[in-house]
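Colleague: Once you've had a glance at the structure underneath, I'll fire off some questions.
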C-alpha cells in the first residue's frame, strides 16, 4: 500500500503518501464550493478563500504571507463548484510551520471589514479580466446553461451585485457551516513516518470540535436543450456544444473518460484534432472535456475558428460523433485508446502536489483512495459495446446544447 489513511478523534481525515524526496506537499480539501452558497451570496466560497489569507487572531496579513515564503515555500488556494483547496509545497523540515499556518488561517480568520472592502476590488478586477478571456467565459456560461436555476449554474467568481453586499457576518457564517473537521481532508506527501504524521496532525487539528451542520446538495434536473448565440467584442468564433454527463459515482463514468480522451482529450492525436484541425486547418483550438461532479457531470466540445468556417467545423464535429454512435471500436482502436489514457495517467503521477490533492478529494468523494492499479483495471474493463452505448447517450444530437460567442462587428454572420 502506497498511502495511509489516518482518522483523527474529531473525524478529520488525513491521507499520507510517503516519499523519500527533499520536497514535501500538503493540502487541505474542504467539501464546500460554490454550489453550497445561498442564491443571494454567489461568490462567497471563492471570496472566503481569498480572505482567509488576510488576518487571523494571531497573525497579520504580512505574517501569513511571509510564514512560508520566508523559507522558500509556496502557498496557494483555489475554489471549485464542490471544493475549496489550500495547498503548499516546502522543504521536508517545514511541515510543522505549514500545518500550523493551515490551522490558523482555516479556523481562526477574523475577516476584518477593511480587508473585505479591499478584496472586493481585487475580485471585481478578476471578474473583468475573466470576461476578457472568451475561452474561459464560454466554459462557465455553458455550465450556467446546462444547470439553469440550480446551484451548479453560476460563476465561481460570483456577480458584482452579490459581492458588494457581503459582510463580515456572512463570511463567519459560511465558514462555521462548512469549514468543519468532518467536512475536510488533509493530504500530505513527504519524507516522514506514519507515526510522525499522526502526531503532528493530532497536535494541530485534533482539538478542533465540529459544529453539526447537515451538508445537503440537491442533484440538478435536466433542462430542455438550447442553442444560444451571443455577440461579443471578439475577433473569432468560440463554439461549445455538449450536455450533462455522468456523475463520479456512475458505473459508466470510466467509459466516458476513455471516450472523451480519444475524442478530444490531451495530445495532438485526438480524433477531433486530426480530423478538423490537421486535415482541414479550420480550428485553432479543438478539444473535448468531461467533468464529473458528485451527482451529475458535464461533457462538452469546444473549438475556436473564423466566422466563415464555423458551420463546417460544427458539421465535422457532428460527423465524428456519428461515427462513434454508429460503429463499435475495433479491438485495436480500443486497445490504443486505453493505452494512451493509461500512459497519460501514469505521467500525471509525476505532479506530486496534484496527486496528493486528488487523493484527498478521493477520500471526500469515495471514502477511500482509488489506487492506480484499480484505475487501470477499470480502464481495461471498458468494452467497445460500452463505448458505443455511452456514445449514443452522450453524443446524441437531440440532446446537445450549443453556445456560440460571435464577433459583434461581423455583418455577414
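Colleague: Express the Stokes-Einstein translational diffusion coefficient of the stretch 1-128 in µm² s⁻¹, to the nearest whole number, given a Kirkwood radius over alpha-carbon pairs, 4 °C and a viscosity of 1.567 mPa s.
Modeller: 81
Colleague: Among 147-153, 301-307, how do they line up from the highest to the lowest mean number of other beta-carbon atoms within 10 Å?
Modeller: 301-307, 147-153
Colleague: Right, another one. To check you understand DSSP bridge types, tell me what percent of the beta bridges within the chain (both residues inside) are antiparallel, rounded to 5.
Modeller: Expressed as a percentage, antiparallel bridges in the chain total about 80.
Colleague: Taking 0.36 nm per intervening residue step and subtracting the Cα-Cα distance, what contour gain separates residue 335 from residue 65 on full extension?
Modeller: 92.3 nm
Colleague: For 126, 373, 320, what ranking results if the residue with the fewest other Cβ atoms within 10 Å of its Cβ goes first?
Modeller: Ranked by crowding around the Cβ, least crowded first: 373, 126, 320.
Colleague: Once the piece of chain linking residue 74 and residue 132 is laid out straight, how much longer is it, given 0.36 nm per residue of separation minus the C-alpha distance between them?
Modeller: Using 0.36 nm per residue and subtracting the Cα-Cα distance, I get 18.1 nm.
Colleague: Further question: Take every Cα-Cα distance within the chain, group them into 20 Å bins from 0 onward, and report for each bin the whole-number percent of pairs it holds.
Modeller: Once binned at 20 Å, the Cα pair distances of the chain give 24, 54, 22, 0.
Colleague: Ranked by Cβ crowding within 10 angstrom, fewest neighbours first, how are 405, 171 ordered?
Modeller: 171, 405
Colleague: Relative to the present Cα-Cα distance, how much length would full extension add between residue 294 and residue 326 at 0.36 nm per residue of separation?
Modeller: 8.5 nm
Colleague: If you don't mind, there's one more thing I want to ask. Report, in degrees rounded to the nearest 10, the 0 to 90 angle that the Cα long axis of helix 113-131 makes with the longest principal axis of the chain.
Modeller: Approximately 20 degrees, to the nearest 10.
Colleague: Listing 132, 398 from the residue with the fewest other Cβ atoms within 10 Å to the one with the most, what is the order?
Modeller: 398, 132
Colleague: Could you work out [θ]222 nm for the chain from helices alone, using -39500 (n - 2.57) per DSSP H run of at least four and dividing by all its residues? Round to the nearest 500 deg cm²/dmol.
Modeller: Per the formula, -13000 deg cm²/dmol.
Colleague: Can you work out the FRET efficiency for the pair residue 284 and residue 347, with r the C-beta to C-beta distance and R0 = 35 Å, to the nearest 0.05?
Modeller: E(calc), rounded to 0.05, equals 0.90.
Colleague: Here's a follow-up. Suppose R0 equals 51 Å. What FRET efficiency, 1/(1 + (r/R0)^6) with r the Cβ-Cβ distance, do residue 231 and residue 274 give to the nearest 0.05?
Modeller: FRET efficiency, residue 231 to residue 274: 0.95.
Colleague: What translational diffusion coefficient, to the nearest whole µm²/s, does the stretch 238-308 have by Stokes-Einstein, given a Kirkwood radius computed over alpha-carbon pairs, a temperature of 20 °C and 1.002 mPa s viscosity?
Modeller: 170
Colleague: How far is helix 384-394 tilted off the main Cα axis of the chain, in degrees rounded to 10, range 0 to 90?
Modeller: The angle comes out at about 90 degrees.
Colleague: Oh, and also: Can you give me the distance in nm between label points at residue 168 and residue 149, each placed 7 Å from the Cα along the Cα-to-Cβ direction?
Modeller: Distance between the two pseudo-spin positions: 3.9 nm.
Colleague: Using alpha-carbon positions, what is the distance between the centroids of the stretch 334-388 and the stretch 223-251, in Å?
Modeller: 26
Colleague: On to the next question. Using per-residue counts of other Cβ atoms within 10 Å, averaged over each peptide, order 194-205, 34-45 from highest down.
Modeller: 34-45, 194-205
Colleague: What FRET efficiency comes out for the pair residue 91/residue 374, r = Cβ-Cβ distance, R0 = 25 Å, nearest 0.05?
Modeller: 0.20
Colleague: Return one number: the angle in degrees, 0 to 90 and rounded to the nearest 10, between the long axis of the Cα atoms of helix 331-348 and the longest principal axis of the Cα atoms of the chain.
Modeller: On a 0 to 90 degree scale, this one is about 30.
Colleague: Follow-up question, since we're still on this one. What number does the stretch 1-74 give for Rg over Rh if you use C-alpha atoms and the Kirkwood radius?
Modeller: 1.05
The numbers here are math on the coordinates, done by the rules we state, and not lab data. As the structure is a computational prediction, the values presented were derived from the model and not from experiment. All Cβ positions, glycine included, derive from the backbone under ideal geometry; neighbour counts span all protein chains shown.
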